[in-house]
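I have placed the structure first, in the form of structure tokens, so that the comments after it can refer back to it.
The values are calculated or read from the model by the stated rules, or taken from the named source; none is laboratory data. Everything numeric here is computed off the predicted structure, so don't read it as measured data. A quick note on method: Cβ atoms are made from the backbone with ideal geometry, for glycine too, and the neighbour counts reach across all protein chains shown. Note: areas computed on protein heavy atoms with side chains; ligands, DNA, RNA excluded. Shrake-Rupley method; radii C 1.70, N 1.55, O 1.52, S 1.80 Å.
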Amino acid sequence: MPRNQHPHPSEVTPESIYMDRRSFIKRASVAGIGGSLIAGGVWARQKNAPRVEGTFDDDLTPWETVTGYNNFYEFGTGKGDPKKNAQDFRTDPWAIEVTGEVSEERVFSFDELVDGLDIEERIYRMRCVEGWSMVVPWNGFMLKDLIERLGPTEDANYVEFTTLMDRRQMPGQNSPVLPWPYVEALRMDEAMHPLTILVTGVYGKKLPPQNGAPIRLIVPWKYGFKGAKSIVKIRFTKRQPRTTWNEAIPREYGFYANVNPEVDHPRWSQATERRLGEFFRRDTLMYNGYEEVASLYDGMDLQRYF
Amino acid sequence: MATLPPSVGRRSRNWIPGAKGVLWIGLLAPVFILGDRIFLFGRLTGGDFVDDPVELIQHWTGNTALILLLVGLASTPLRRLMGWHWTIRFRRLVGLFAFFYATLHVVSWFVFDHQLALNPIIEDVLERNWILVGMLSWLLLIPLALTSTSGWIRRLGGKKWNRLHQLVYPVAALGVLHFLWQTKLLERDPVLYSAALVLLLGVRWLVRKK
Ligand code: HEM
């Protein structure tokens, strides 16, 4: 296994969060969820998680940073703004509309939508298009499981996710920095990949508002901006949806946004990244190290479809 | 263009050396605050947990350098408009510290982003407008910092020295452009700096016409 591919949780967790993890494991097992290893790319935390050969220097990014250093322009463009401005954000009640090419269009409450889905812990690298990265222990379920339950039609080629639009609660939406509301989308095969998850928690705790509560998308082999936060609408479409950053600056942000050290951003190199908290940069890995997704893009010109 | 200050009695300028001492402390403060936030977790001066120390260093030093450049540029309008001739006494020190912070800024980039590897540095400078512009700004500051001593003023003569130091205008403009060009979207701070620069240049131009 290539060095540095997969974060290994065993020895690296700071003492302070160890208790959180324990309580999470308890909760998880009560719910009858075993840790599962998927495609060698995911580590579900378990007491008996197998040791893995190789060297791992993917320490978990501390809770303070995961929840205090965020790009969530709905709450302001500064990295500290979301934490400051999102504390009173209301996530209960929360409704999610499922629409488009799907067997039944309807509105779900948050609880209805996630009811019965297997919440597991996934430790993923998160690579921001701006050139920094984190390692985050998310709690979530496979998007695939939800999609199978919703039953898209034959014509569903893409899934689109829309973030809440609420100028009163999200002060950033009062400024025209982006065309609101925020929309992101995946090709169906990307959405069905077992690495793609919808996240409802982090570090074993309920997802904080600044991280996209109550529910957000995580696609670990893509730049972070693909991960739509505070989702209120899931739409299945035949044609490729417009997506926010791509619409705002098409030259700089593509629809695919796969992490790729060979395709530079027009204003900076993507060959390296700074892991938050470290001083020197490290090499960025193809598909952020999740090479098992490469076959999704067989034959595609990645310089063009960036 | 050099307006002579009105003759002022010796006595009334006694405060200047003391003020210079205070200014030194003020100009060094940003580097202490930075050190405190990174190495002492803000125990002395407060501030939030630092998630990305290198980003903080680069933003902090870049902003300080640019602010000091603009403060230095304000000296002439203040003298002309308000008659605050004393500002000239502090201008060189402010400019020198602008260079100090710009140098910390650039060196942090050499070291942390490129670990002093020359080829990637050159590549970055040539490939990216905003870095090239920053580099030009810093390179133009070097001769100004080197000639900032009284010895050099004498050696060059006031007129030549003044002409050389007009370079501070392109330096500041390139610094502002460097910031404007690196942001994804039009953000507040670079716009504020641009406005300040335009204002300072505008005032200067208006006053000069008279
Ligand atoms: C070789 C020359 C230079 C290089 C390589 C350089 C590089 C950088 C880098 C890497 C950043 C941070 C970008 C980011 O984190 O997104 C930055 C920001 C900045 N630089 Fe420079 N810089 C140079 C010269 C200068 C000079 C001479 C000035 C001032 C006159 C300056 C002022 C700034 C400012 C104000 C910022 C923005 C800070 C912020 O985002 O709040 N830079 N520069």
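What are the residues in segment A:231-263 that are more than 8 Å from chain B (Cβ to nearest Cβ), under 27 Å from B:Gln58 (Cα atoms) and not basic (Lys, Arg), if any?
Step one: list which residues in segment A:231-263 are more than 8 Å from chain B (Cβ to nearest Cβ), which gives A:231-247, A:250-251, A:253-263.
Keeping just the survivors that are under 27 Å from B:Gln58 (Cα atoms) gives A:245, A:251, A:253, A:257, A:259-263.
Scanning segment A:231-263 gives A:Trp245, A:Tyr253, A:Ala257, A:Val259, A:Asn260, A:Pro261, A:Glu262, A:Val263.
Under the condition of being more than 7 Å from the ligand (Cβ to nearest atom) and part of a helix (DSSP H, G or I), which residue from segment B:175-192 is farthest from the other protein chains (Cβ to nearest Cβ)?
Filtering segment B:175-192 down to residues more than 7 Å from the ligand (Cβ to nearest atom) leaves B:176-177, B:180-181, B:183-188, B:190-192.
Checking the rest, the ones that are also part of a helix (DSSP H, G or I) come to B:176-177, B:180-181, B:188, B:190-192.
Working: B:Val176: 17, B:Leu177: 13, B:Leu180: 12, B:Trp181: 8, B:Arg188: 8, B:Pro190: 12, B:Val191: 12, B:Leu192: 14 Å.
Among those residues, the one meeting the criterion is B:Val176.
Close contacts from segment B:97-113, counting a first residue that is closer than 17 Å to B:Gly26 by Cα and more than 11 Å from every other protein chain (Cβ to nearest Cβ) and a second that is within 6 Å of the ligand (Cβ to nearest atom) and assigned to a helix (DSSP H, G or I), with Cβ to Cβ under 7 Å and a gap of 6+ residues or different chains, come to B:Ala98/B:Ala65; B:Ala98/B:Leu69; B:Tyr101/B:Ala65; B:Ala102/B:Ala65; B:Ala102/B:Trp138. When you go through (1) over 30 Å from A:Gln240 (Cβ atoms); (2) within 14 Å of another protein chain (Cβ to nearest Cβ); (3) modelled with pLDDT of 95 or more one by one for A:Phe89, which number turns out not to apply? A:Phe89 satisfies all of (1) over 30 Å from A:Gln240 (Cβ atoms); (2) within 14 Å of another protein chain (Cβ to nearest Cβ); (3) modelled with pLDDT of 95 or more except (2). The set of residues in segment A:137-155 being open to solvent by 10 Å² or more (accessible area, probe 1.4 Å) and either under 18 Å from A:Arg235 (Cβ atoms) or in contact (Cβ under 8 Å) with a residue 60 or more places away in the chain (or both) consists of A:Lys144, A:Glu148, A:Arg149, A:Leu150, A:Gly151, A:Pro152, A:Thr153, A:Glu154, A:Asp155. The set of residues in segment A:260-306 being part of a loop (DSSP other than H, G, I, E, B), acidic (Asp, Glu) and in contact (Cβ under 8 Å) with a residue 40 or more places away in the chain consists of A:Glu262 alone. Which residues, counting only those in segment A:61-72, are open to solvent by 20 Å² or more (accessible area, probe 1.4 Å) and at the interface with chain B (Cβ under 9 Å from one of its Cβ atoms)? Listed by number, the residues that qualify are A:Pro62, A:Glu64.
In segment A:98-136, the residue that is farthest from A:Lys222 (Cα to Cα) out of those that are of a type in the set (S, T, N, Q), open to solvent by 10 Å² or more (accessible area, probe 1.4 Å) and in contact (Cβ under 8 Å) with a residue 40 or more places away in the chain is A:Ser103.
Those helices (runs of 4 or more DSSP H) of segment B:37-130 in which 3 or more residues are touching a helix residue (DSSP H, G or I) at 6+ places or on another chain (Cβ under 6 Å) occupy B:53-77, B:88-108.
Give B:Val111, B:Val171 a once-over and let me know the one that is modelled with pLDDT of 95 or more and within 8 Å of the ligand (Cβ to nearest atom). Being modelled with pLDDT of 95 or more and within 8 Å of the ligand (Cβ to nearest atom) holds for just one of B:Val111, B:Val171, which is B:Val171. The set of residues in segment A:175-228 being of a type in the set (Gly, Ala, Ser), within 14 Å of another protein chain (Cβ to nearest Cβ) and in a loop (DSSP other than H, G, I, E, B) consists of A:Ser175 alone.
Before we move on, is B:Gly202 open to solvent by less than 50 Å² (accessible area, probe 1.4 Å), assigned to a helix (DSSP H, G or I) and either within 10 Å of the ligand (Cβ to nearest atom) or hydroxyl-bearing (Ser, Thr, Tyr) (or both)?
On the way: open to solvent by less than 50 Å² (accessible area, probe 1.4 Å): yes; assigned to a helix (DSSP H, G or I): yes; either within 10 Å of the ligand (Cβ to nearest atom) or hydroxyl-bearing (Ser, Thr, Tyr) (or both): no.
Answer is no for this residue.
All of (1) more than 14 Å from chain A (Cβ to nearest Cβ); (2) open to solvent by less than 90 Å² (accessible area, probe 1.4 Å) hold for B:Asn14 with one exception: (2).
Any residue that is more than 14 Å from chain A (Cβ to nearest Cβ), more than 10 Å from the ligand (Cβ to nearest atom) and touching a residue at least 60 places away in the same chain (Cβ under 8 Å) - is there at least one of those in segment B:144-151? Before the answer, list the steps.
Just the residues of segment B:144-151 that are more than 14 Å from chain A (Cβ to nearest Cβ), to begin with: B:144-151.
Checking which are more than 10 Å from the ligand (Cβ to nearest atom) leaves us with B:144-151.
Filter once more, keeping what is touching a residue at least 60 places away in the same chain (Cβ under 8 Å): none.
Within segment B:144-151, not a single residue is more than 14 Å from chain A (Cβ to nearest Cβ), more than 10 Å from the ligand (Cβ to nearest atom) and touching a residue at least 60 places away in the same chain (Cβ under 8 Å).
Considering only segment B:157-168, state which residues are of a type in the set (A, V, I, L, M) and either within 8 Å of the ligand (Cβ to nearest atom) or in contact (Cβ under 8 Å) with a residue 40 or more places away in the chain (or both). B:Val168 - this is the single residue of segment B:157-168 that is of a type in the set (A, V, I, L, M) and either within 8 Å of the ligand (Cβ to nearest atom) or in contact (Cβ under 8 Å) with a residue 40 or more places away in the chain (or both). Please determine whether any residue of segment B:111-133 is exposed (fewer than 15 other Cβ atoms within 10 Å of the Cβ) and at positive phi. Yes, the conditions are met somewhere in segment B:111-133.
Considering only segment B:65-101, state which residues are of a type in the set (Gly, Ala, Ser) and within 16 Å of the ligand (Cβ to nearest atom).
In the first step, residues of segment B:65-101 are kept if they are of a type in the set (Gly, Ala, Ser); the result is B:65, B:72, B:74-75, B:83, B:95, B:98.
Listed by number, the residues that qualify are B:Ala65, B:Gly72, B:Ala74, B:Gly95, B:Ala98.
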